[in-house]
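**Student:** Sharing a structure below in structure tokens format, with a few things to ask.
The values are calculated or read from the model by the stated rules, or taken from the named source; none is laboratory data. Because the structure is predicted, anything quoted here is derived from the model rather than measured. Every residue, glycine among them, receives a Cβ derived from its backbone with ideal geometry; neighbour counts consider all protein chains shown. Note: accessible area is taken over every heavy atom of the protein model, side chains too, but ligands, DNA and RNA are not part of it. Shrake-Rupley method; radii C 1.70, N 1.55, O 1.52, S 1.80 Å.
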Amino acid sequence: MTKHDMSWVEIGQLTDIPKQGSRVVRTPRGDLAVFRSIDDEVFALWDRCPHKGGPLSQGIVHGRNVTCPLHNWVINLEDGTVQGPDEGCARGVAVRLEGGRILIDGAALAGNAA
Amino acid sequence: MTSPAKQKLVIVGNGMAPGRMLEHLLEAAPERFEITIFNAEPRVNYDRIMLSPVLSGEKAYEDIVIHDDAWYEGHGIRLLKGARVTGIDRSAKTVTAADGTVAAYDKLVVATGSGPIVIPVPGHKLPGVVAYRDLDDVEAMLAAAGKGGHAVVIGGGLLGLEAAAGLKMRGMEVTVLHLMGHLMERQLDPAAGYLLERSMEARGIRIITRANTHAIVGESHVEAVRLDDDTEIPADLVVMAVGIRPAAELAREAGIEAGRGVLVDDAMLTSDPDILAIGECVEHRGICYGLVAPLYEMAKVAAKTLIGEEAAYGGSVTATKLKVTGVDLYSAGDFAEAEGREEIVLRDAAAGVYKRLVLESNRIIGVVLYGETADGPWFFDLLKKGTDVTELRDTLIFGQAYQGGAQLDPMAAVAALPDDAEICGCNGISKGTIVKAIREKGLTALAEVRAHTKASASCGTCTGLVEQLMQLTLGDAYSKSAVEPVCGCTDLGHDDVRRLIVAKELKSIPALMQELEWRSSGGCAKCRPALNYYLLATWPEEYRDDGQSRFVNERVHANIQKNGLYSVVPRMWGGLTNPTELRAIADVADKFAIPMVKMTGGQRVDLVGVKKEDLPAIWADLSKVGLVSGHAYGKALRTVKTCVGSTWCRFGTQDAMGLGIKLEKSLWGSWTPAKVKLAVSGCPRNCSESTCKDVGIICVDSGYEIHYAGAAGLDIKGTEVLCHAKTEEETVEIVAALIQLYREQGRYLERIYKWAKRVGEESIKEAVVDDLDKRRALVERFAISQKHAQDDPWAARARGADAHEFAPLYDFAKLEAAE
């Protein structure tokens with residue numbers, strides 16, 4: 001994949017997502033799960049577990065991990081890697097906080113589904 | 001039929017020593033005596049060494065009762081509660097109580113125990129000054145602790161420190177005043193005393209050593225304690241825990257020989273051959289004992305003497321453990337420095353470990369262990385046997401695991417113990433006795449081992465050792481689930497966590513993780529749902545449910561499917577529905593294009609393949625005809641399956657549907673450790689399959705058979721019969737009590753049949769069937785919890801609750817469409 005220029009798009013406020021929770025952003029490339037950790041960090045992963053496609057946005061968020069609701073795979077929110085004995089990687093999208101506003105890399109959302 | 005006249009046995013005092021003596025006596029000669037007990041306390045016999053856990057809230061009074069009323073009744077023993085004996089007439093062979101009761105005896109046992117030593121400083125009689133000897137004292141302390149404020153404990157010995165820790169856990173500011181230079185100076189050397197002091201201070205308890213109390217100050221109630229150096233320490237409560245003194249006055253006044261205590265010989269006989277004495281009130285070979293192990297040995301000897309068998313008590317060497325949660329301390333024997341004594345010391349300041357062995361002529365005569373006490377019983381065994389340790393000397397201090405090999409496995413240490421090694425110090429139970437009982441009686445649960453051998457049944461600190469013995473004896477057949485931690489975030493097991501939630505009044509997940517030293521920040525997907533449930537079940541009126549700690553199904557009140565769509569199952573009370581409900585369900589299926597409508601196994605309708613964002617609108621439509629959540633997604637009451645019963649069936653004996661509906665209305669909405677399924681069958685043909693449910697009712701002509709603990713999932717198991725009830729009301733009450741007990745004791749995700757197996761069916765039956773007071777208390781607690789739980793979560797969400805859960809944060813597609 002070639003590098004592209006980032007274009008930050010505001011998708012909501014930090015407070016729109018519960019602490020240790022997640023919400024979905026609908027995009028042309030499919031659902032994106034945006035997570036908020038207990039320490040108010042935000043992360044964004046495509047809402048598909050590398051195992052069987054489970055919606056990660058519906059899992060329990062703990063530390064910088066989320067546990068998939070379907071078969072309890074644990075996915076690291078920073079880089080999407082699967083923790084523990086299982087293997088795999090969920091893909092993410094750049095996201096940042098600007099004074100309580102959540103911005104994601106809009107350029108990553110364009111184009112065909114992953 | 002005539003039988004020889006029974007001898008009259010009168011016992012003065014109803015503490016642990018006479019309680020144990022009676023057990024031995026009734027086992028050996030159940031018909032020999034007509035027994036009367038005078039108890040100055042207005043209650044039955046309880047485990048006095050467990051008063052500290054009662055004070056700290058880790059146990060309740062009911063948990064420490066040794067013999068309940070039914071036990072006395074069952075053995076035909078006359079127990080006079082609240083009857084203090086004021087005189088013994090040895091020539092008439094009678095005793096007289098303060099209330100005028102007179103009882104004649106052939107044999108008399110004096111077991112008057114001991115009284116607290118009260119320092120006669122000015123103000124010692126002020127209200128707010130208490131001792132620490134019996135349940136009344138504990139209740140007085142709890143009443144004071146309820147108001148908060150400052151507590152001063154005078155005495156830094158075993159009892160004083162346990163009282164201090166308990167009061168601190170109850171939320172008081174606590175100061176301990178100790179006369180000597182370091183805490184527990186009779187059991188500890190100064191170094192261990194210092195470590196203990198630091199550990200108590202780390203808990204927020206202030207310790208002042210070399211503190212000589214000058215006066216207790218106050219007008220109508222205690223206000224402060226003044227020391228010799230004029231320091232004043234504010235106090236709303238003063239606990240005197242400076243020591244005990246044998247209560248020998250009654251015997252002395254009756255002309256029985258007494259020194260510090262009532263003098264007894266090795267057979268436990270006093271100077272009067274018809275009068276025995278046991279327990280803390282006696283003086284044997286110049287020694288008065290205040291620990292439970294010697295008292296139990298005396299009890300055994302006294303029982304034999306009473307039935308004419310020869311037995312002799314040879315005195316005891318005692319070991320001490322401090323029962324303060326989180327402090328590991330063990331001491332035994334003599335450790336004063338003296339000519340000809342050597343010592344071996346191991347210090348690990350970083351780990352907070354201190355071990356000291358005192359040797360004389362190559363034999364251990366004293367042991368002090370702090371921070372790591374697992375080897376205590378091994379050292380104590382070497383001490384009591386006077387084993388020559390010359391060969392072990394180099395590695396002795398490292399403990400048993402280092403002897404004769406490099407194994408560090410704690411199991412190896414237990415395996416290496418000789419058969420006569422003492423495991424349970426309180427009850428004097430050896431390893432051999434426990435192993436024999438496990439093998440011969442086929443015991444597989446800790447509770448059974450306790451019941452059969454009494455090992456770990458008193459203070460409980462040897463529980464770990466007993467479990468290791470079970471593991472050793474049973475191998476893989478024993479699952480040590482009792483100590484399995486909740487998850488990788490902690491070493492605590494489920495039961496410990498539940499106990500500490502109560503004891504430390506933890507009311508939120510962050511508070512719990514902080515207090516119980518969770519290793520992860522914010523827990524994990526395994527512990528959070530469990531903690532959320534425990535907090536909810538413990539504090540139904542205060543705890544705020546944490547949706548983020550619930551599995552998705554319980555958070556969104558629908559069942560997630562493999563493709564991320566959901567299923568919706570409305571409640572159909574007792575499996576009944578009607579055209580209006582069915583029409584609403586059909587309309588919803590059409591309106592939201594739900595791809596599948598299926599019957600569940602529990603007599604309900606399942607709408608499968610629902611989009612998450614449609615859920616609130618679907619619920620709104622279903623609510624209009626009165627349909628509510630069926631909790632098919634939750635660790636909660638699922639379904640109550642019924643047959644048509646006497647309403648339609650020619651074999652039906654009772655109104656099965658009616659009872660099913662009543663049960664479902666009583667139980668719906670409650671959160672439980674795991675799912676709960678019920679069924680009611682109208683006759684023993686059992687068409688509702690009641691005998692494989694968590695709770696199943698089988699109607700019979702004479703009423704209702706209540707079954708429980710069945711399973712038909714991963715395991716298949718027929719139910720156990722709990723009891724027979726005469727009316728519907730009684731059935732509903734007993735089932736509610738059963739569910740509440742399960743809610744209070746069950747480990748998260750533990751189904752009823754597993755819980756019942758773990759805690760024992762007897763204990764369940766006792767609480768929900770036999771003991772009406774306990775049953776009512778359970779029903780009452782259930783009702784309080786249900787007040788907050790019976791609120792339809794679907795209707796609430798249809799009205800807008802948790803709206804963020806069902807709508808996307810942002811929708812690029814909509815944005816584009818709008819543009």
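**Student:** Hey, could you check region B:167-178 for residues that are within 22 Å of B:Ile119 (Cα to Cα) and open to solvent by less than 10 Å² (accessible area, probe 1.4 Å) and say which is farthest from the chain's Cα centre (by Cα)?
**Tutor:** If we take residues in region B:167-178 being within 22 Å of B:Ile119 (Cα to Cα) and open to solvent by less than 10 Å² (accessible area, probe 1.4 Å), then B:Leu177 is farthest from the chain's Cα centre (by Cα).
**Student:** Across region A:57-91, which residue is farthest from the other protein chains (Cβ to nearest Cβ) among those that are out of contact with any Asp or Glu (no Cβ under 7 Å at 6 or more places or on another chain) and hydroxyl-bearing (Ser, Thr, Tyr)?
**Tutor:** Quick first cut of region A:57-91, residues out of contact with any Asp or Glu (no Cβ under 7 Å at 6 or more places or on another chain) only: A:58-63, A:65-72, A:74-91.
Narrowing further to those that are hydroxyl-bearing (Ser, Thr, Tyr): A:67, A:81.
Working: A:Thr67: 4, A:Thr81: 17 Å.
Looking at the filtered set, the residue picked out is A:Thr81.
**Student:** Going residue by residue through region B:571-592, is there one that turns out to be without any contact (Cβ under 8 Å) to a residue 40 or more places away in the chain, in a loop (DSSP other than H, G, I, E, B) and within 27 Å of A:Gln58 (Cα to Cα)?
**Tutor:** Yes, because at least one residue in region B:571-592 is without any contact (Cβ under 8 Å) to a residue 40 or more places away in the chain, in a loop (DSSP other than H, G, I, E, B) and within 27 Å of A:Gln58 (Cα to Cα).
**Student:** Can you pull out every residue in region B:291-315 that is assigned to a loop (DSSP other than H, G, I, E, B) and buried (at least 19 other Cβ atoms within 10 Å of the Cβ)?
**Tutor:** Within region B:291-315, B:Tyr313 is the sole residue that qualifies.
**Student:** Here are the criteria: (1) in contact (Cβ under 8 Å) with a residue 60 or more places away in the chain; (2) assigned to a loop (DSSP other than H, G, I, E, B); (3) under 17 Å from B:Val414 (Cβ atoms). Tell me which single one B:Leu465 does not satisfy.
**Tutor:** Failing condition for B:Leu465: (2).
Matching residues to (1) closer than 13 Å to B:Ile764 by Cβ; (2) β-branched (Val, Ile, Thr):
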residue: B:Ile697; (1), (2): no, yes
residue: B:Tyr704; (1), (2): no, no
residue: B:Gly713; (1), (2): no, no
residue: B:Gly718; (1), (2): no, no
residue: B:Glu728; (1), (2): no, no
residue: B:Val732; (1), (2): no, yes
residue: B:Leu738; (1), (2): yes, no
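**Student:** Hey, another quick one. Does B:Gln561 satisfy being of a type in the set (S, T, N, Q) and either within 30 Å of B:Val608 (Cβ to Cβ) or buried (at least 21 other Cβ atoms within 10 Å of the Cβ) (or both)?
**Tutor:** Yes.
**Student:** Taking only pairs six or more apart or across chains, which ones have beta-carbon atoms under 9 Å, a first residue in region B:303-325 that is closer than 18 Å to B:Met184 by Cα and in the same structural domain as B:Leu183 (by TED's automatic domain parsing), and a second residue that is part of a loop (DSSP other than H, G, I, E, B) and of a type in the set (S, T, N, Q)?
**Tutor:** Cβ pairs passing all conditions: none.
**Student:** When the residues of region B:537-553 are filtered to those that are in contact (Cβ under 8 Å) with a residue 40 or more places away in the chain and either of a type in the set (Lys, Arg) or surrounded by fewer than 22 Cβ atoms within 10 Å (Cβ to Cβ) (or both), which remaining residue is farthest from A:Gly63 (Cα to Cα)?
**Tutor:** B:Glu541
**Student:** Continuing with this model, one more query. State which residue pairs qualify: first residue among the aliphatic types (A, V, I, L, M) and inside region B:90-119, second residue part of a loop (DSSP other than H, G, I, E, B) and open to solvent by less than 50 Å² (accessible area, probe 1.4 Å) in any location, beta carbons under 6 Å apart, and separation of 6 or more residues or different chains.
**Tutor:** If the second residue must be part of a loop (DSSP other than H, G, I, E, B) and open to solvent by less than 50 Å² (accessible area, probe 1.4 Å), the pairs left are B:Ala97/B:Ala83; B:Ala111/B:Gly13; B:Ala111/B:Ile278; B:Ile117/B:Gly243.
**Student:** Name every residue in region B:511-521 that is of a type outside the set (Gly, Ala, Ser) and surrounded by 15 or more Cβ atoms within 10 Å (Cβ to Cβ), in order of residue number.
**Tutor:** Looking only at region B:511-521, we keep the residues that are of a type outside the set (Gly, Ala, Ser), and these are B:512-519.
Hits for region B:511-521 are B:Leu512, B:Met513, B:Leu516, B:Trp518.
**Student:** Would you check which residues across region B:550-579 are aliphatic (A, V, I, L, M) and either over 18 Å from B:Ser623 (Cα atoms) or more than 14 Å from chain A (Cβ to nearest Cβ) (or both) and list them?
**Tutor:** B:Val552, B:Ile560, B:Leu565, B:Val568, B:Val569, B:Met572, B:Leu576
**Student:** Given the conditions (1) open to solvent by 30 Å² or more (accessible area, probe 1.4 Å); (2) free of Cβ contacts under 8 Å to residues at least 40 places away in the same chain; (3) on the phi < 0 side of the Ramachandran plot, which single one is not true for A:Pro69?
**Tutor:** Exception for A:Pro69: condition (1).
**Student:** Return only the number of the condition from (1) out of contact with any Cys (no Cβ under 9 Å at 6 or more places or on another chain); (2) within 14 Å of another protein chain (Cβ to nearest Cβ); (3) small (Gly, Ala, Ser) that B:Ala525 does not satisfy.
**Tutor:** (1)
**Student:** Residues of region B:17-43 being touching a helix residue (DSSP H, G or I) at 6+ places or on another chain (Cβ under 6 Å) and open to solvent by 10 Å² or more (accessible area, probe 1.4 Å), which ones?
**Tutor:** Correct list: B:Arg20, B:His24.
**Student:** If the Cβ limit is 7 Å and pairs must be 6+ apart or interchain, which residue in region B:636-647 that is assigned to a strand (DSSP E or B) pairs with which residue that is open to solvent by 30 Å² or more (accessible area, probe 1.4 Å) and basic (Lys, Arg)?
**Tutor:** Matching pairs, first to second residue: B:Ala636/B:Lys675; B:Arg638/B:Lys675; B:Arg638/B:Lys677; B:Thr639/B:Lys677.
**Student:** How many residues does region B:359-387 hold that are under 21 Å from B:Glu197 (Cβ atoms) and of a type in the set (A, V, I, L, M)?
**Tutor:** First pass over region B:359-387, keeping only residues under 21 Å from B:Glu197 (Cβ atoms): B:366-373, B:376.
Then keep just the ones that are of a type in the set (A, V, I, L, M); that gives B:367-369.
Residues that pass the stated criteria total 3.
**Student:** Kindly provide the set of residues from region A:32-48 that are at the interface with chain B (Cβ under 10 Å from one of its Cβ atoms) and either in contact (Cβ under 8 Å) with a residue 40 or more places away in the chain or open to solvent by 10 Å² or more (accessible area, probe 1.4 Å) (or both), ordered by number.
**Tutor:** So the first thing to find is which residues in region A:32-48 are at the interface with chain B (Cβ under 10 Å from one of its Cβ atoms), and the list is A:32-34, A:36-39, A:47-48.
Across region A:32-48, the qualifying residues are A:Leu32, A:Val34, A:Arg36, A:Ser37, A:Ile38, A:Asp39, A:Asp47, A:Arg48.
**Student:** Could you tell me whether region B:781-802 includes any residue that is closer than 30 Å to A:Gln13 by Cβ, within 14 Å of chain A (Cβ to nearest Cβ) and open to solvent by 30 Å² or more (accessible area, probe 1.4 Å)?
**Tutor:** Yes - at least one qualifying residue is present in region B:781-802.
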